[in-house]
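These notes concern the structure reproduced below.
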Amino acid sequence: MPSAEERHPLLDRLDPDRIPQHVAITMDGNGRWAKQRSRPRVFGHKNGVEAVRASVRACRKAKVRFLTLYAFSTENWKRPEREVNALMELLVHSLRKETAELLENGVKIAVIGNVEKLPSVCRRELQEAMRITAANTDLTLTLALSYSGRWDILQAARAFAHQAATGALPADRIDAVLTEEAFGDLLSTHGIPDPELLVRTSGEHRISNYLLWQGAYSELYFTNTLWPDFREEDLYTALLDFQGRERRFGKTSEQIEVQ
Ligand code: FPP
């Protein structure tokens, strides 16, 4: 992740006061990118790492505080074993290779998802990367691994049910205690603001079980660019598009104007 680089002109077109705090990306299109080159799918994943680097760099420069990447979904476990193993190896390799530079550049690594299901070498490497970068504050890079929005909501509901089942919470207090905020604290993303912007590459227009609760009011941005081709300027283009939107949160345009 080269830190000293020339400034992209699109960066200067961004309004620094309206940069989203949190951008979440569904990195899609690796397989198609590889197929276009008559190469195995894993070739696309490997080339996707450069797009991860570019996105981290762009978020740092634009002063986005949280970047969450959908790196492996709950459903991705259904892929051929060879591809799953290759993705896990790529994760371990990338963490080993990039963590020192992420540390130097103020990036904190975090993870969301059912990490218990990941191979132990992945868990160890993630733990180490999180430990090393824990004190960084510029950008939190969260990897969604073995993650799905439904899994997240379900694990939060289970955690709450366990609390309630201990008897510590009388039934007539449940409505008062289980607010949206309290439920949000039980989600794997607690401490991370909801993403204002959700980006998906490769021309697919789906949420695919990503951040279902957290993305309730996210602006959605779709690009035809396949993930391995995604670069800094693509991220800035998404941010510019975001800045052109009016976010009403259920209110009218007139109400927003007077605010
Ligand atoms: C989706 O493309 C991509 C994935 C399931 C994996 C994304 C992983 C990386 C970019 C590897 C590096 C990640 C980190 C965090 C080091 P697809 O395979 O569904 O593509 P397709 O829709 O064209 O088949």
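Given the C-alpha centroids of region 1-61 and region 153-191, what is the distance between them in whole angstrom? That distance is 36 Å. Measuring nothing but protein heavy atoms, the accessible surface of region 101-259 at 1.4 Å probe radius is 50 percent carbon and sulfur. Taking every alpha-carbon pair under 8 Å whose residues sit at least 6 apart, the chain reaches a relative contact order of 29 percent.
At 1.4 Å probe radius, can you tell me the per residue accessible area of the chain in Å²? Could the numbers behind the result be given before it?
On the way: 13910 Å² over 259 residues.
It amounts to 54 Å² per residue over the chain.
If R0 equals 41 Å, the separation of the Cβ atoms of Glu257 and Ala157 corresponds to a calculated FRET efficiency of about 0.60. Packing, as the average of other Cβ atoms within 10 Å across residues, places the peptides 177-188, 69-80 in the order 69-80, 177-188, highest first. Of the residues Gly106, Ala62, Ser120, the one whose Cα sits farthest toward the positive end of the charge dipole of region 1-131, with +1 on the Cβ of Lys and Arg and -1 on the Cβ of Asp and Glu, is Ser120.
For the chain, the Kirkwood radius over C-alpha pairs fed into Stokes-Einstein at 10 °C and 1.306 mPa s yields D = 81 µm² per second.
Rank by packing, highest mean first: peptides 217-229, 17-29, 115-127, with packing defined as the count of other Cβ atoms within 10 Å averaged across residues.
On the way: 217-229: 18.9, 17-29: 21.0, 115-127: 14.6.
Taking the mean over residues of other Cβ atoms within 10 Å, the ranking is 17-29, 217-229, 115-127.
The HN-Hα couplings worked out from phi for region 242-255 by the Karplus form 6.51 cos²θ - 1.76 cosθ + 1.60 (θ = phi - 60°) are 4, 5, x, 8, 9, 9, 9, 6, x, 8, 8, 4, 4, 5 Hz, whole numbers, x standing for Gly and Pro.
The values are calculated or read from the model by the stated rules, or taken from the named source; none is laboratory data. This structure is a prediction, so every number in the text was calculated from the model and none was measured. Virtual Cβ from ideal backbone geometry, glycine too; neighbours counted across all protein chains shown. All accessible areas refer to the heavy atoms of the entire protein, side chains included, with ligands and DNA or RNA removed. Shrake-Rupley method; radii C 1.70, N 1.55, O 1.52, S 1.80 Å.
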